[in-house]
Each structure stands twice: as structure tokens, then as C-alpha cells.
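Scroll down for the structure; my scribbles are underneath it.
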Amino acid sequence: QVQLVESGGGLVQPGGSLRLSCAASGIRISGNTMAWYRQAPGRQREFVGTITSSANTGYADSVKGRFTLSRDNAKNTVYLQMDSLKPEDTAVYYCRFFLFDVWGQGTQVTVSS
């Protein structure tokens, strides 16, 4: 069974940092593009960033310079390092395995003082 499990979300103050993880099972992420999305209450799901099999990355303008994607193929896991967090980053964050369009269940990130 193909499964993606996100973790690492929580409550953080503005300006703080969090690192999200997305662990894959039932499938190997090596050689495949992975991505992160987020969905805030009352809003559509939006693209956050993507990382290719060769670790090339791309980001939404709203997070560029603050968020960093990385991957550890040996651990079958991708990471989203989020720095300088803002209240508008509050959302449920999802990872996605592009090839088979598999999504995780999401992890809540709340940025508030």
C-alpha cells in the first residue's frame, strides 16, 4: 500500500521555524519528484514547493527565501524546512508523490503569538 505520512507540524510563534517530514512507504521516492502543498481554512489548496529527483527545487513566491525543500532517498523521506514563519503560513501542509498523484493526510501548522 502506497502511503505518505507527514509529521512535524505544530504551534509556533511568528518568526519561528519548523521542519516538516514526509515519509513514504510502499514506494520509493528516489528518481521521483515530490511536492508540498498547503490549505488554509476557507481557501483552496495551494502549491508550496517541489523537489525533483536530482534535488532541484522550486517554490511559490510567497515562501521563496524562507522555505527549503530537501530529500533523503535512503530514508525515503522529504523535508520542508520553514523559517521566518508568518501568521499567513498557517495551514494544513500536504506532501504529494507526483507520478502516482498520491497525497499524505496532512499536518497542521499554526503560526500565532
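The values are calculated or read from the model by the stated rules, or taken from the named source; none is laboratory data. Computed from a prediction, not measured in an experiment: that's the story for all the values here. Every residue, glycine among them, receives a Cβ derived from its backbone with ideal geometry; neighbour counts consider all protein chains shown. Each accessible area value is taken on the protein alone, full model and side chains, heavy atoms only, with ligands, DNA and RNA left out. Shrake-Rupley method; radii C 1.70, N 1.55, O 1.52, S 1.80 Å.
Some values worked out for this structure:
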{"read-out": "For Asn32: the one exception among (1) surrounded by fewer than 13 Cβ atoms within 10 Å (Cβ to Cβ); (2) assigned to a loop (DSSP other than H, G, I, E, B); (3) of a type outside the set (Val, Ile, Thr)", "value": "(1)"}
{"read-out": "Filter result for Thr50 (within 15 Å of the chain's Cα centre (by Cα), in a strand (DSSP E or B), at pLDDT 95 or above and closer than 23 Å to Leu11 by Cα)", "value": "no"}
{"read-out": "Filtered residues of region 18-29 (kept if modelled with pLDDT of 95 or more and open to solvent by 60 Å² or more (accessible area, probe 1.4 Å))", "value": "Arg19"}
{"read-out": "Every residue from region 35-53 that is among the hydroxyl-bearing types (Ser, Thr, Tyr) and either touching a Gly at 6+ places or on another chain (Cβ under 7 Å) or open to solvent by 60 Å² or more (accessible area, probe 1.4 Å) (or both)", "value": "Thr50, Ser53"}
{"read-out": "Flag if Asn56 is farther than 18 Å from Gly9 by Cβ, modelled with pLDDT of 95 or more and open to solvent by less than 50 Å² (accessible area, probe 1.4 Å)", "value": "no"}
{"read-out": "Some residue of region 6-25 being among the β-branched types (Val, Ile, Thr) and not in a strand (DSSP E or B)", "value": "no"}
{"read-out": "Subset tally (residues that are within 18 Å of Ser21 (Cβ to Cβ), part of a strand (DSSP E or B) and either open to solvent by less than 40 Å² (accessible area, probe 1.4 Å) or in contact (Cβ under 8 Å) with a residue 40 or more places away in the chain (or both)) for region 59-113", "value": "22"}
{"read-out": "Hey, Ser53 of a type outside the set (A, V, I, L, M, F, W, C) and within 22 Å of Thr110 (Cβ to Cβ) or not", "value": "no"}
